[in-house]
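Worksheet for the structure shown next.
The values are calculated or read from the model by the stated rules, or taken from the named source; none is laboratory data. No experiment lies behind these values; they were computed from the predicted model shown. Positions of Cβ are backbone-derived with ideal geometry, glycine not excepted, and every protein chain shown enters the neighbour counts.
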Amino acid sequence: MNDVCDKCGEVLEIGSWPFCGDHGRPVRSKGFEPYFDIALGRQISTPGDWNQAMRPHWENDHIVKVDDRGKSESYYNELRERREHRIETLRRQR
């Protein structure tokens, strides 16, 4: 999906939007397009819906914070195992 300048027809590249390079005139924005977020399991119709879903919240007796995971699942598995090992070691020392 390429945006083009309404006045001169120049194709706008990443970093140039919303301004055309020749005359600096902003182009029309399509606005926010609603979509179904598979990871959250809900329809996102405004940026506020996404912010609300990602906001930390209480669940039972602990706080849940949803993080955008950019790393592989094995990284998080190893991290969890190291934490559990550290907790067990501290319990044995007491």
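Among the numbered conditions (1) over 15 Å from the mean Cα position of the chain (by Cα); (2) at pLDDT below 70, the only one that Gly9 does not meet is (2).
Of the residues Lys30, Lys71, which is closer than 30 Å to Cys5 by Cβ, modelled with pLDDT under 80 and out of contact with any helix residue (DSSP H, G or I) (no Cβ under 8 Å at 6 or more places or on another chain)? Steps first, please.
Details: Lys71 fails: closer than 30 Å to Cys5 by Cβ.
None of the others qualify; the one that does is Lys30.
Going through (1) within 30 Å of Val4 (Cα to Cα); (2) surrounded by 10 or more Cβ atoms within 10 Å (Cβ to Cβ); (3) at pLDDT 80 or above one by one, Phe19 falls short only on (3).
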